[in-house]
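What follows is a short report on a single structure.
Each value in this text was obtained by applying a stated rule to the coordinates, not by laboratory testing. In this text, all values refer to a predicted model and were calculated from it rather than measured experimentally. Quick reminder, even Gly has a Cβ in these numbers, built from the backbone with ideal geometry, and neighbours come from all protein chains shown.
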Protein chains: 2
Amino acid sequence: MPPVITAFEKSPDRGRGQARDMRVRWAFEEVGQPYEVRLVSFADMKEPAHRALHPFGQIPTYEEDGLALFESGAIVLHIAERHDGLLPGDAMARARAITWMFAALSTLEPPILDLTYAKIVERAEPWYAQRLPIVEDRIRVRLNELSLRLGDAEWLDGDFSAGDLMMVTVVRRLNGSGLLEDYPRLLAYVARGEARPAFQRAFDDQLAVFTAASAG
Amino acid sequence: MPPVITAFEKSPDRGRGQARDMRVRWAFEEVGQPYEVRLVSFADMKEPAHRALHPFGQIPTYEEDGLALFESGAIVLHIAERHDGLLPGDAMARARAITWMFAALSTLEPPILDLTYAKIVERAEPWYAQRLPIVEDRIRVRLNELSLRLGDAEWLDGDFSAGDLMMVTVVRRLNGSGLLEDYPRLLAYVARGEARPAFQRAFDDQLAVFTAASAG
């Protein structure tokens, strides 16, 4: 039995692959391992059955032979540790790749998610327009630092790794925001990630879910 | 040569152990390994020499025999993987402990840091008082979910692990905020973490740095 992950029945990103199941799908495709998907609705996610898998009522989750995990970072790391293709064999390079996974999730994603919250939850608040530049500047600081470190390299540390996978999925949450356009190296970095055949397969699979839900 | 980490020369938390070096110090103490600390000022952190170690100009960093890491999550995981005491031997329990590390950093810490930003950066903004309840409610949702999952257990999943270490350090950022008092199980959970001899040694060491800097 292949592992089973959960994903949105109808993703709020309308199939743009910005939901967190995309990271796990991409990881499975990079290592060439099969997986199955169980779709959940927003109502399902708050039910006790789903909470037993994910205490914070989110997607994705991961189930395999008595093991249940949540958090996209933990799931991607678990896949990367068990199959070749996402972590270097050298112990030091491996530790650095894992560092980039944490950097994507702890340093880049929080200000990017703050922008999403602002745009969705606080759009009608009287302070929305005034506060937006503060939120965007916080993101720009991190993008600038990331761009400087990346420089003219193809990936963050040697070959493509789980660190790049996580960073690309985090940074591409800004696709369409207009913020990335000031950082051509990051635009090219995200484009390199998106051009990988494994990304494409994962992207098409999550898009097919949204398309089917919309047609239904 | 023991590993060298960086910490604030004069921590903005005034020795309350809420800076991120505390996580790494605590991890070293739990596994009984020596380490050295290089103190950096806020000015140092933005210089090229520190940026070479930490692209985002923060602390802590970790250096050992040609290996340089950043991100407290990555450093604690690196220590936990190399020494007994922070990760279970069983592969499934190990994956679940790592899941809690990611949950602490990706799900709990971002809204908690948002409160810190609001209180420091946005305190003088006209929307501060109006927006604060939104920020606090976002934290309460996560605290409630965490408390429900913890239940009457001592730690999040079996024995104390790197997942608990990370979660305790994240949740105790709320010490003094008044938010934790509605969740007695979490108060007790944080207190259990803080009562560990390894925590106490790490806490005393970081406090001594602040005390010395203040006296100087």
Just grab the label-to-label distance for residue A:93 and residue A:137, each label 7 Å out from Cα along the Cβ direction, in nm (one decimal). 4.1 nm
Under the Karplus relation with 6.51, -1.76 and 1.60 and θ = phi - 60°, whole-Hz ³J(HN,Hα) for segment A:165-174, x at Gly and Pro, equal 4, 5, 5, 4, 5, 6, 5, 6, 4, 8
In whole Hz, with x marking every Gly and Pro, tabulate ³J(HN,Hα) for segment B:142-149 from phi via Karplus 6.51 cos²θ - 1.76 cosθ + 1.60, θ = phi - 60°. 6, 4, 4, 5, 5, 5, 5, 5
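Report for chain B the percent antiparallel among DSSP-assigned beta bridges with both residues inside it, nearest 5. Please list the in-between numbers first.
Values: 6 of 11 bridges.
Rounded to the nearest five, the antiparallel share is 55 percent.
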Mind ordering A:37-48, B:12-23 by average Cβ neighbours within 10 Å, highest first? B:12-23, A:37-48
Taking square-rooted eigenvalues a ≥ b ≥ c of the alpha carbon gyration tensor, is the protein assembly as shown rounded, prolate or oblate, where a/c under 1.5 means rounded and, failing that, a/b exceeding b/c means prolate? rounded
Taking every residue in A:89-102, how many Cβ atoms of other protein chains lie within 10 Å of its Cβ, on average? 5
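Find, to one decimal place in angstroms, the Kirkwood hydrodynamic radius of chain A, where the mean of 1/r is taken over every pair of different Cα atoms and then inverted. Write down the numbers at each step before the final one.
Details: mean 1/r = 0.0554 Å⁻¹.
It is 18.0 Å.
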Whose amide H sits under 5 Å from the amide H of residue B:61, counting only residues 5 or more places off or on another chain, with H placed in the peptide plane? B:6
Can you tell me which lysines have their Cα less than 27 Å from the Cα of residue A:119? Leave out same-chain residues fewer than eight positions away. A:10, A:46, B:119
When the helix-only estimate is applied to chain B (DSSP H runs of n ≥ 4, each -39,500 (n - 2.57), divided by the residue count), what is the mean residue ellipticity at 222 nm, nearest 500 deg cm²/dmol? -17500 deg cm²/dmol
Using r as the Cβ-Cβ distance of residue B:212 and residue A:38, and R0 as 41 Å, what FRET efficiency do you calculate, to the nearest 0.05? 0.15
Rank by packing, highest mean first: peptides A:169-178, B:117-126, B:49-58, with packing defined as the count of other Cβ atoms within 10 Å averaged across residues. A:169-178, B:49-58, B:117-126
Got the relative contact order for segment A:91-196 handy, in percent, Cα pairs under 8 Å and 6 or more residues apart? 39 percent
Residues with amide H under 5 Å from that of residue A:37, placed H, sequence gap 5 or more: A:5
Across 5 Å bins from the origin, how do the percents of Cα pairs in segment A:91-196 run, short distances first? 2, 12, 23, 23, 17, 10, 6, 4, 1, 0, 0
Below 8 Å between Cα atoms, with a sequence gap of 6+, how large is the relative contact order for chain B in percent? 28 percent
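What's the average, rounded to a whole number, of partner chain beta-carbon atoms within 10 Å of each residue's beta-carbon in A:142-150? Provide the component values of the computation, followed by the final result.
On the way: counts 2, 0, 0, 6, 2, 1, 2, 5, 1.
Per residue, the number of nearby Cβ atoms from other chains is 2 on average.
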Would you kindly derive the ³J(HN,Hα) couplings of segment A:25-38 from the backbone phi angles with the Karplus curve 6.51 cos²θ - 1.76 cosθ + 1.60 (θ = phi - 60°), listing them in order in whole Hz, with x for Gly and Pro? 4, 4, 4, 4, 5, 5, 8, x, 10, x, 7, 10, 10, 10
